[in-house]
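Input: a single structure, listed below in structure tokens.
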Amino acid sequence: MKEEGTPLPFLEDRDEDDDPARRSDARRHPARPGDVRYLVGLEANLDAMIPPRKSRTIRIRQLKLGGDAPIVVQSMAATRTQDIAATVRQVELIQAAGADLVRIAVDSKADVAALAEVRRRTKALLSVDLQENYRLAELVAPHVDKLRYNPGHLHHHEKEKPVAEKVAYLVGVAREHGLALRIGVNAGSVAPEYAERFPEHLDALVHSAADHCAMVDALGFADYCVSIKDSDPRLVVEANLRFAALRPDVPLHLGVTEAGMPPDGVIKTRIAFEQLLSRGIGDTLRVSLTVPFDDKGMEITVARQLLADIEAGRFRSVPPSFFDGLNIIACPSCSRVENEKFIELAQDVKELTRYAAEHKLTIAVMGCRVNGPGETDDADLGLWCGPTHVNLKKKDAELGAFRYDEILPRLKQELDALIAALG
Ligand code: SF4
């Protein structure tokens, strides 16, 4: 097990000879293991590039996940759930692209009513993201096959109730309806008590996931998996390595959240998946890309291509300067987007900021007011979208809300000021 506070594998020197797994990794990749840059231009030629996984097998209805089951590929509908026709079309489009499972976000009773109708119109296996309103679980359960809850969102409702009781409620609902569960930890919404207890962000993420597993285990429920996501693939790798060392039995859902637009979003995801899958870590995956609704099938085709490449030892190049300059993170959008101009805005931000490419700054563009405020806290400049206005932030300080046609000049003004301050 790694010790707390261990630096990222990408950034440290390691003694490879201590660890047989690393020795074999080093044979595949004749450079520093764990350093993404040593993968540049590499075509590995060993046969088992995705070694056997140690996780147990769980079930989502007839679909097996974990252990020796094929790696499950999934995506999420980006449409407004209450737009039933669009959501059904989106689910079918994602399924037709080859998804094993499709996720839908539900925030309100009106969303649940729409979900029930979506359920009637599609045979796809459906997972639901409960986000802040975990109490909708009992209403959602009859219409889905899997529930995802975020430990970092359980404190929003019934603040006095112990977390263990809330988890027991969710497990009770899952058990009654024969559903699988995902404990989905997200770097942008760490539960406050973990953020306080663990000064190191990765520790907070990993311990939050492990403690929730212990709570679910104590209830005798085994059909669950875990995800730990961040927008930085290096942190995704480290967090999942740490978690897998603690709980190798728990199936893992991999993903780089807010990876952004292709090609950067694909590169970031590839980095994480290559590093984890080649170590036998990861049982299901989602590629998150900021693309128009009609192109959402791309998340599945990219995921299948990445899997095929890794399986065949086709590790792709990572540009040496990939993490050096301007980093734009953008969420993949989902039903919570209240103004479809978000996708266009994300693309415009990328265009507008090309001139700042060499500056080591992060700009985050988020689609909604549910996760936008939290997920932009760490960015140098953050934008999160409401129905009529875009909110602009500098780190966690709010700079104001601007109309969609006003935001780009204001963003440029702030970016210019940051660049000037960098010298
Ligand atoms: Fe959906 Fe909001 Fe997350 Fe974007 S930030 S994927 S709109 S929940």
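If each DSSP helix of 4+ residues adds -39,500 (n - 2.57) and the sum is divided by the residues in the chain, what number results at 222 nm, nearest 500 deg cm²/dmol? For the chain, the value works out to -11000 deg cm²/dmol. Only Cα pairs under 8 Å and 6+ residues apart enter the sum, and on that basis the relative contact order of the range 66-152 stands at 25 percent. Projecting the Cα atoms of LEU246, SER288, ASN327 onto the charge dipole of the range 236-340, computed from C-beta unit charges around the Cα centre, puts LEU246 farthest toward the positive end. Subtracting the Cα-Cα distance of GLU158 and LEU246 from 0.36 nm times their residue separation leaves 28.6 nm of extension gain.
Its relative contact order, with pairs defined as Cα atoms under 8 Å and 6+ residues apart, puts the range 256-333 at 45 percent. Taking all C-alpha pairs of the chain, those more than 33 Å from each other amount to 31 percent. Around the amide H of GLY260, modelled in the peptide plane, lie the amide H atoms of THR290, ALA330, all under 5 Å away and 5 or more residues distant in sequence or on another chain. DSSP assigns beta bridges within the range 327-422; of those with both partners inside it, close to 60 percent run antiparallel.
The charge dipole of the chain, taken about its Cα centre with unit charges on the Cβ of Lys, Arg, Asp and Glu (plus for the first two, minus for the last two), comes to roughly 1200 debye.
In the range 327-422, Rg over Rh equals 0.93, where Rg is the alpha-carbon radius of gyration and Rh the Kirkwood radius from pairwise Cα distances. Shape verdict for the range 68-161, please, from the Cα gyration tensor: rounded (a/c under 1.5), prolate (a/b greater than b/c) or oblate. Oblate, since a/c reaches 1.5 and b/c is not below a/b.
Looking at the range 139-194, the pairs of alpha carbons with a distance over 18 Å make up 36% of the total. For the range 282-423, relative contact order (Cα pairs under 8 Å, six or more residues apart, normalised by length) works out to 17 percent.
Any read-out appearing in this document is the output of simple, stated calculations on the displayed coordinates, not a laboratory observation. Here the structure is a predicted model, which means the values were calculated and not measured. So basically every Cβ, Gly included, is an ideal-geometry build from the backbone, and we count neighbours across all protein chains shown.
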